[in-house]
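The values are calculated or read from the model by the stated rules, or taken from the named source; none is laboratory data. On a predicted model such as this, the values are computed, not experimentally measured, just so you know. Positions of Cβ are generated from backbone atoms using ideal geometry, with glycine treated the same way; all protein chains shown enter the neighbour counts. What goes into the accessible areas is simple: the full protein's heavy atoms, side chains included, and nothing from ligands, DNA or RNA. Shrake-Rupley method; radii C 1.70, N 1.55, O 1.52, S 1.80 Å.
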Amino acid sequence: MKKNLVLFLGVAIFVALFYNREPGLNCSLFTLLAWLAIVMTTKKENHNTTFWWLTAALGIATGAFAWYGDPVSFLAVFASLAALTCKAHQPAIHVLLIPFAGAVNFISFLFRAPVLTGWLPVNGIFTATFYKKAIYYFLIPAALAAIFLVIYSFSSDLFQSFFYINWNADFLQIGFLTALGFFLMFCFVHYWAPSQLFLVNNKISDHFQEAYRFSLEDRQHPDAGFYRKSAEITFILLNILVLFFIVTYCVEQFGNKNTGGSLSSALHERVYLLIFSIVMAILVIMLFFKGGLNFDTKARLLRNSAYTWILLNLFLAGVVALKNNQYIEAYGLTFKRIGVYIFLLLCIAGLLFTILKIKNRKTNAFLAGRMLWVFYTTLIVGCVVNWSWIVTKYNLEHQPSFDIDYALSLPYNRQLLYNTKIRQTTPDKKTPFIEHIEAEQKRPLLSKTLYYQFIKL
């Protein structure tokens, strides 16, 4: 009953927050409401360290959305709420299963919500006690309050203005908001995941089970030697191949002076393929070190070859970073070029965790789980940083020919642009620039984004 009370109250607040308003501060307020609903409808012992870390991440993402109101921070808020819901209701769930559990929880709403007996105690609700409570706790107080409300309204125009009801309300919008609010609150409060997911969760671990290790010691697979030799030959060939590629790539990219469009095309055509090759390198490690080879006492050459393969790929990531830096020095900073650095850092993190996986004999779930946390952390940190300001500031200080049209296309550099360029620019750029800021500042309170409220013109 407590869950349903929170559910319906949350729906009512959701409608009040978003009726006739655009997304803004109301989204952040609803996020706080959803967090409270999750806390109130889950067991206290489920609120472990991971839950509070996710709560902190949700707070950061919510603050970022209140400030910027951009899609990245919205994605961070939604991902945090989905993860928090899963962890609050099922603390033991592995991080790899959270995306699947969250998707199942939301999709299954279509099948769970219509079955009222599954979440609403309709069978025993219409009892004598229920009717007594409805009469004494609701009907009598409501009737008396309504009578005095009418009397006081006729006696004071100011009092009446507080309780004015607009009968020309947009009932279609109210209906849509009610349905959307019910969908969201239902999924947060009435979490559900199939039992098959729990069985899979019990099999996922960062460590190999002791029984598996003992089985390898008792009897070795007859083809273990072939697997080991195959892996050794593969890594030796890959090491030779990637070493030759690094040499030729460095000669091609840094030995020749590329100018103009050739430098641009060289980076855009190849850098993402190189990042993809680094991801493939991690997958190759996961393929060979998924089982018995982790504990093969004769696999010293294999391990050393794998470490060499990882180090060469780390060096390749450094080469790509240098090439990206060369491009930035020539043409300035953009979102895509920042994205190259972010992807490279993620690849480097993956390679470092791969070293730990091999060294400590961990499962592939350990590597995949750690990388999922890295991606999530990157999303939370990335939604806070004002990349528009960084790009604009760098180009103002390091580019002789500042591209003001590109800078105007970036969303959150308004104050910096106004102080440095817009004041002196032509009216055709200045007028729409100022009008946009003033329009944002005049939006209703719940539809505001805080970034524009602190811009001084």
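Brief remarks on what is shown
- The Cα atoms of the range 405-457 cover 33, 18, 17 Å along the three principal axes, with the biggest extent listed first.
- Using the Cβ-Cβ distance between Leu197 and Arg361 with R0 set to 35 Å, the FRET efficiency works out to roughly 0.80.
- Linear extension gain, Leu322 paired with Leu120, 0.36 nm per residue minus alpha-carbon span: 66.7 nm
- Inter-probe distance in nm under a simple model that places probes 7 Å from Cα toward Cβ, at Phe183 and Asn48: 3.2
- Between Glu22 and Val279, the simple label model (points 7 Å from Cα in the Cβ direction) yields a spacing of 3.4 nm.
- Cα extents of the range 321-381 along the three principal axes, largest first (Å): 45, 24, 12
- Using a Förster distance of 25 Å, the FRET efficiency for Phe100-Leu237 (Cβ separation, nearest 0.05): 0.10
- Computed over protein heavy atoms with a 1.4 Å probe, the accessible surface of the chain works out to 57 Å² per residue.
- Backbone geometry of the range 304-312 corresponds, through the Karplus equation with coefficients 6.51, -1.76 and 1.60 at θ = phi - 60°, to 3J(HN,Hα) couplings of 5, 5, 5, 4, 4, 4, 5, 5, 5 Hz, x marking Gly and Pro.
- Only Cα pairs under 8 Å and 6+ residues apart enter the sum, and on that basis the relative contact order of the chain stands at 24 percent.
- Given (1) 175; (2) 207; (3) 143, the label whose value is volume of the Cα convex hull per residue in Å³ derived from this model: (2)
- What the Cβ-Cβ distance of Ala330 and Lys442 gives, at R0 = 45 Å and to the nearest 0.05, is a FRET efficiency of 0.60.
- For the range 450-455, the Karplus equation 6.51 cos²θ - 1.76 cosθ + 1.60, evaluated at θ = phi - 60°, returns couplings of 5, 4, 6, 6, 10, 7 Hz by residue, with Gly and Pro reported as x.
- Solution diffusion estimate, µm²/s, Stokes-Einstein, the range 354-407, Kirkwood Rh from C-alpha pairs, 25 °C, viscosity 0.890 mPa s: 171
- Carbon and sulfur %, accessible surface of the range 271-410 computed with the full protein complex present, 1.4 Å: 70
- For a modelled paramagnetic label at Ala92, 7 Å from Cα along Cα-to-Cβ, the residues of the range 43-63 in reach, with backbone nitrogen under 16 Å, are 43, 45-48.
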